[in-house]
Amino acid sequence: MQSLHKNKTWEVVPLAVGKTAIGCKWVYKRKEDPNQYDSIRYKARLVAKGFAHKERVDYNEIFSLMVKHTSIRVLLSLVAQGDLELEQLDMKTTFLHGDLDEEIYMYQPEGYKVESKESKGYIEWVIERFGMKRAKSVMTPLTPHFKLSSKQSRTTAEDKTYMICVPYASVVAKEHWKAVKWVLRYLKGTIDTCLCFGGDTCQLNGFVDSDYAGDLDRRRSTTGYVFKIYGAPVSWRSMLQATVTLSTTEAEYMTNKRNEGSIVVEGSSR
């Protein structure tokens with residue numbers, strides 16, 4: 001709040017006639033120093049609920065300068081390979097430095113305290129929350145034997161009785177709960193897995209693949225890709241294709257067409 005007042009982020013005024021005020025909320029984060037176990041910083045960020053405004057009514061365009069995570073990972077890979085020094089600059093209350101041309105009305109923030117968990121600690125909390133602490137870990141996020149569909153609902157009395165005891169409200173059937181538990185087992189087995197930057201050759205390798213009509217509800221295929229520089233992954237994604245394909249060849253073609261512009265770097269891909 002001191003930064004908000006010091007930078008004169010807003011001015012308390014009555015709501016003008018014909019204007020709509022938007023709400024706001026506090027976003028809390030706990031930052032831990034990996035080199036000092038007892039060093040924990042609690043940070044709070046006030047954000048406006050801009051989604052309440054309507055396009056072409058309250059605003060014409062939105063632009064926010066953001067860095068892509070892919071760019072950061074490429075930079076880290078180059079720094080690690082060349083044994084270079086990397087300096088980080090942290091700008092406090094960055095969003096406060098911008099000037100607004102429009103008049104934006106926002107309700108005054110309410111104060112409350114919420115603690116959040118993140119990273120490894122959050123994964124451990126989730127595993128314990130769903131009773132998977134003693135489960136056997138696996139090394140794949142999911143396996144082909146899971147055939148999930150929205151039609152797999154609680155049809156029988158036995159299914160309904162079983163699902164009452166499931167501590168995850170979003171699953172619609174027993175098979176979905178098995179898939180969730182598999183993902184939790186995967187998180188348990190890879191909780192200490194991380195990216196490792198630094199390789200011998202500056203080579204861009206791209207790997208793309210797809211299934212065929214893996215989505216049982218809409219018959220859409222799933223595209224997946226990963227790009228590596230110096231042997232370290234810098235960009236990856238898995239997503240449903242936008243259209244329905246009629247063959248595995250067409251699904252593969254759509255995959256390569258969709259990802260041909262994911263990273264434009266002179267090098268080799270396969």
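Before moving on, here are some points about what is shown:
- The requirement of being open to solvent by 50 Å² or more (accessible area, probe 1.4 Å), without any contact (Cβ under 8 Å) to a residue 12 or more places away in the chain and of a type in the set (S, T, N, Q) is satisfied by THR156.
- On the stretch given as the range 101-123, residues that are open to solvent by 100 Å² or more (accessible area, probe 1.4 Å), over 26 Å from the mean Cα position of the chain (by Cα) and at pLDDT below 70 total 1.
- Scanning the range 117-152 for residues that are hydrophobic (A, V, I, L, M, F, W, C) and part of a loop (DSSP other than H, G, I, E, B) yields PHE130, MET132, ALA135, VAL138, MET139, LEU142, PHE146, LEU148.
- Candidates are the residues of the range 1-17 that are among the aliphatic types (A, V, I, L, M) and part of a loop (DSSP other than H, G, I, E, B); the one that is farthest from GLU102 (Cα to Cα) is MET1.
- Output for the range 19-38, where each listed residue is among the aromatic types (Phe, Trp, Tyr) and modelled with pLDDT of 75 or more: TRP26, TYR28
- Look at the range 242-255: where a residue is open to solvent by 70 Å² or more (accessible area, probe 1.4 Å) and a partner is among the charged types (D, E, K, R), sitting 6+ places away or on another chain with Cβ atoms under 6 Å, you get VAL244/ARG219; VAL244/ARG220.
- Sole exception among (1) open to solvent by 40 Å² or more (accessible area, probe 1.4 Å); (2) modelled with pLDDT of 90 or more; (3) more than 30 Å from VAL79 (Cβ to Cβ) for LEU187, by number: (3)
- Filter result for TYR230 (touching a helix residue (DSSP H, G or I) at 6+ places or on another chain (Cβ under 7 Å), modelled with pLDDT of 90 or more and more than 28 Å from LYS151 (Cβ to Cβ)): no
- Filtering the range 192-209 for residues that are at pLDDT 90 or above and open to solvent by less than 60 Å² (accessible area, probe 1.4 Å) leaves an empty set.
The values are calculated or read from the model by the stated rules, or taken from the named source; none is laboratory data. Not measured: the values here are computed from a predicted model. Methodologically, a virtual Cβ is constructed for each residue, glycine included, from the backbone with ideal geometry; neighbour enumeration extends over all protein chains shown. Surface areas here come from the heavy atoms of the whole protein model, side chains and all, with no ligands, DNA or RNA. Shrake-Rupley method; radii C 1.70, N 1.55, O 1.52, S 1.80 Å.
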